[in-house]
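Each remark here refers to the structure printed beneath this line.
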Amino acid sequence: MAGLPRRLLSLVLALPALLLLISLADACPFCGMQGPTLTGEVAQAKLVLYGELTNAKEQANGDGTTDLVIETVIKNELAGKKGDPLAANNKIVRLDRFLNPLGETGKYRYLVYCDYFRGKVDPYRTVPVLKDGGMAKYLRGALEHKDESIGKRLRFFFDYLDNPDLEISNDAYKEFGNADYKDYKDMAKDLPAERVAKWLKDEKTPAFRYGLYASMLGHCGKEEHAKLLRDLLDDPAKRLGSGVDGMLAGYVMLKPKEGWAYTRDILKDGSKEFMVRYAALRAVRFLWDSRPDLIAQADLKEGVGFLLDQSDIADLAIDDLRKRQCWDLSDRVLGVQNKKTYKGERLADIPIIHRAILRFALGCQDSKTKNSAAAKAYVDEQRKKDAQMVADAEELLKLEQMPPAASTPAK
């Protein structure tokens, strides 16, 4: 059984991966990148231009001017209005900024986001992109699809996931990252499986994308693609990176019996690396919440139950069981307090586990099930020992249950 110090060490060593694993609510469960997209930023700008920077002149005070030779107009809310810098078919806009072009002449083009302030064009963001990367085509295409269903929009972005311009490729990936699984579930069935498999085989593919690609392959792939996912999971280098949860989910989608047996073995083995077992837990969450058609809930409960004996991850397992109201496992959860780590330390003496047990008991005591009495007795006992701790736990549970809008103070 793994001890607490190893979890702390694992968390320190794997901090970058953990940061990538944090997902926004209602976001792709296997994507390691969310946030503002180029398309979203275009929607907020009054003027978005694509072209080449020339004639950059810097003044002594750091200000200056730069000419933008326009090749493509992405967006122009000023068209036909007073102050339109593109009136009379003007192809050069002077920007009141010193913008020194990068690299060799002609290699880059620039995406310039502008506002219009006091009668002047105000460039507030400049993004250098490869000349031959197709940024203008990409953005114009994205805008053309903006009013379509999310599934159709994501199918457009799929074709840009392997674009040679990293700015475009990452932006297309973020579009998936911001989408919920249900938004691409049906679309993924018709994706070109061999193309997705090629990305997974390519050593140049960023590790944080494996999860999304593997989950896609779980929808559109065939039996031979299950072997590819199994090979990736068996690869020590791939297994310790991000995206393992998506690989496990994809494997289960293609071969439910074999995939679940593989995932179950990971959950059961407390000697495996923390990040691997945490990825397996994330895969269980996906199967439980998004694909209940694949694995019986009783089997998923059993899988999470294996983690209750592992001190470095028991708190996460308990919280998962609480959130899914698995009150029938109350005896096992309350029994965790009597278990010991391999160093002889009681699990209940580990604060993070103690709090998880308390939160579970607080939920269970009001469940009106046969286990509620035992849970209430536990809560009453803890309240006598530390009333403030119990009150704090109750308050946190209330906050957790509040809808996002209600938990945000009005301005």
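The values are calculated or read from the model by the stated rules, or taken from the named source; none is laboratory data. All values reported here derive from a predicted model rather than from experimental measurement. Reconstructed Cβ throughout: ideal geometry from the backbone, glycine too, with neighbour counts over all protein chains shown.
Structure data summary
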item	result
Qualifying residues in segment 90-116 (those that are touching a Phe, Trp or Tyr at 6+ places or on another chain (Cβ under 8 Å) and outside any strand (DSSP E or B)) - the one surrounded by the fewest Cβ atoms within 10 Å (Cβ to Cβ)	102
Test: residue in segment 134-143 that is assigned to a loop (DSSP other than H, G, I, E, B) and within 12 Å of residue 39 (Cβ to Cβ)	no
Breaking point among (1) among the aliphatic types (A, V, I, L, M); (2) closer than 23 Å to residue 270 by Cβ; (3) out of contact with any helix residue (DSSP H, G or I) (no Cβ under 6 Å at 6 or more places or on another chain), for residue 389	(2)
Filtered residue count, segment 106-138, keeping only those that are of a type in the set (D, E, K, R), under 21 Å from residue 79 (Cβ atoms) and modelled with pLDDT under 85	2
Conditions (1) without any contact (Cβ under 8 Å) to a residue 12 or more places away in the chain; (2) assigned to a helix (DSSP H, G or I); (3) in the same structural domain as residue 215 (by TED's automatic domain parsing): number failed by residue 169	(3)
Selection from segment 65-89 of residues that are part of a helix (DSSP H, G or I) and under 17 Å from residue 130 (Cα atoms)	none
The one condition in (1) in contact (Cβ under 8 Å) with a residue 60 or more places away in the chain; (2) buried (at least 17 other Cβ atoms within 10 Å of the Cβ); (3) over 20 Å from the mean Cα position of the chain (by Cα) that residue 212 fails to fulfil	(3)
Filter result for the condition that a residue is in contact with a strand residue (DSSP E or B) (Cβ under 8 Å, 6 or more places away or on another chain) and either free of Cβ contacts under 8 Å to residues at least 24 places away in the same chain or loosely packed, with under 15 Cβ neighbours inside 10 Å (or both), over 125, 140	125
Matching entry among 171, 159, 190 (being over 27 Å from residue 46 (Cβ atoms) and under 21 Å from the mean Cα position of the chain (by Cα))	159
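This table checks each residue for (1) outside the structural domain of residue 182 (by TED's automatic domain parsing); (2) in contact (Cβ under 8 Å) with a residue 24 or more places away in the chain; (3) surrounded by 22 or more Cβ atoms within 10 Å (Cβ to Cβ); (4) part of a helix (DSSP H, G or I).
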residue	(1), (2), (3), (4)
217	no, yes, yes, yes
227	no, no, no, yes
248	no, yes, yes, yes
264	no, yes, no, yes
